[in-house]
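Below: one structure, written as structure tokens.
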Amino acid sequence: MSTLISSILAGLFLGATFGLIALGYSMVYGVLRLINFAHGDIFMLGGFVSFSIFNAFGMKGTVSWLALVGVGLLTALITGGVGVAAEELVYRQMRSAPMLSLIVATLGVSMIIENAVLNIPPWGAKFRPFPVGTSSSGFYVLNQRYTYLQLVIVCIAIALFIGVYLVVQRTIIGVSMRAVATDRAAASLVGVNVNRVIATVFFVGGSLAGAAAVMYSLYYGQINYLMGFNLGLQAFTAAVLGGIGNVTGAVVGGMLLGIFQSLGVAYTGSQWALVFSFAALVLVLWLRPTGLLGERMGSRT
């Protein structure tokens, strides 16, 4: 029982990262019915952007929480801007094209970001140690030690989840998002600025990916130009597990996938963790093909 509970708690820390990235996938899919495969690489870019910001200001070793929050916000703004730029320069120009062409375009944007990071001299192909960290102090639950960084990651993720949910459900821009998701042409006829709504969705998704990248890099202590592919694939899996297109489903799917992987590591070994989590995905989709909370974001009022 102690192993089970500690594995579930450890899974929540990983699931918080999955959930933040999965939110970007679900929001874009909910509005455009588009799977944005470049989203994982925007997450990866966030890791390298924060890496460069810390180095530019000479911050190394243990830094204050205020500095981490400041860099996290700046990184989120930059990655959100990259998401908007990709939408305006590529996806918007192809909006009338067949969906398959648009999906291929997202793969092209993914390759552009990945190879740009690969060829920028300060970054490159090597694993880069993250220059900063936090205090190693922590607390114990059932004789298992956890750091305050893990607790902060979960708390920040929960705050962001709630913030996004309230924006979608309780604000004018959220109503506009749901209107565009339901019927883009009808929303335009009643005065909704469709382009602005879609750009907002990409900005929010990119910002969440950037915030997740800073937390992930702090926790694991290193970054690599391929981490966007691995984490992006797992976050997309989390979005499908929870019900892609559903904001709450992305959160639930991310947390469940993190717990599945943690349980897999605890009971079968790290080499079987992904097998364990993807087997759980197949089982869930076999029983419920639309995911646990599968519905379009626009169908909820």
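Structure values in brief
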{"quantity": "Residue (of Met27, Gly191, Ser50) at the positive-pole extreme of the chain, dipole from beta-carbon charges", "calculated": "Gly191"}
{"quantity": "Helix 247-268 axis, angle to the chain major axis (alpha carbon atoms, nearest 10°)", "calculated": "30"}
{"quantity": "Label-to-label distance, nm, for residues given as Trp286 and Arg145 (7 Å Cα→Cβ offset)", "calculated": "4.1"}
{"quantity": "Protein accessible area in the chain, 1.4 Å probe - carbon and sulfur %", "calculated": "69"}
{"quantity": "Between helix 39-56 and the chain: long-axis angle, C-alpha atoms, 0 to 90°, nearest 10", "calculated": "50"}
{"quantity": "Potential lengthening between Ala97 and Ala116 on full extension [0.36 nm per residue; Cα-Cα distance subtracted]", "calculated": "4.2 nm"}
{"quantity": "Protein-only accessible surface order, largest first, of Trp286, Trp272, Trp65 at 1.4 Å", "calculated": "Trp286, Trp272, Trp65"}
{"quantity": "Candidate residues Met59, Met177, Met99: accessible-area rank, largest first, probe 1.4 Å", "calculated": "Met99, Met59, Met177"}
{"quantity": "Heavy-atom accessible area order for Thr290, Thr106, largest first, 1.4 Å probe", "calculated": "Thr290, Thr106"}
{"quantity": "Exposure of Tyr267 as accessible area (Å², to 10), given a probe of 1.4 Å and all protein chains", "calculated": "130"}
{"quantity": "Solvent-accessible area per residue, Å², over the chain with all protein chains present [probe radius 1.4 Å]", "calculated": "45"}
{"quantity": "Value of relative contact order over the range 1-140, rounded to a whole percent, pairs C-alpha under 8 Å and six or more apart", "calculated": "34"}
{"quantity": "Cα gyration tensor of the range 177-240 - equivalent ellipsoid semi-axes, whole Å, descending", "calculated": "33, 13, 8"}
{"quantity": "Cα shape, the range 123-202, gyration tensor, a/c 1.5 rule", "calculated": "oblate"}
{"quantity": "Rel. contact order, % - alpha carbon contacts under 8 angstrom, at least six apart, the range 168-299", "calculated": "25"}
{"quantity": "Rounded to 10°, Cα long-axis angle of helix 2-32 versus longest principal axis of the chain", "calculated": "20"}
{"quantity": "Full-extension gain in nm, Lys126 to Thr268, via 0.36 nm per residue minus C-alpha separation", "calculated": "48.1 nm"}
{"quantity": "For the chain, fraction of C-alpha pairs farther apart than 33 Å, in %", "calculated": "22"}
{"quantity": "Reduced Cα scattering model of the range 1-126, Debye log10 I(q)/I(0), q = 0.15 Å⁻¹", "calculated": "-0.85"}
{"quantity": "For the chain, built as a Gaussian network whose Cα springs stay under 10 Å, the top-fluctuating residue of Gly228, Gly15, Gly58", "calculated": "Gly58"}
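The values are calculated or read from the model by the stated rules, or taken from the named source; none is laboratory data. The structure displayed is predicted, hence computed values, not measured ones. Here the Cβ is made from the backbone with ideal geometry for all residues, glycine too, and neighbour counts use every protein chain on show. Side chains are part of the model used for accessible areas, which takes the heavy atoms of the whole protein and leaves out ligands, DNA and RNA. Shrake-Rupley method; radii C 1.70, N 1.55, O 1.52, S 1.80 Å.
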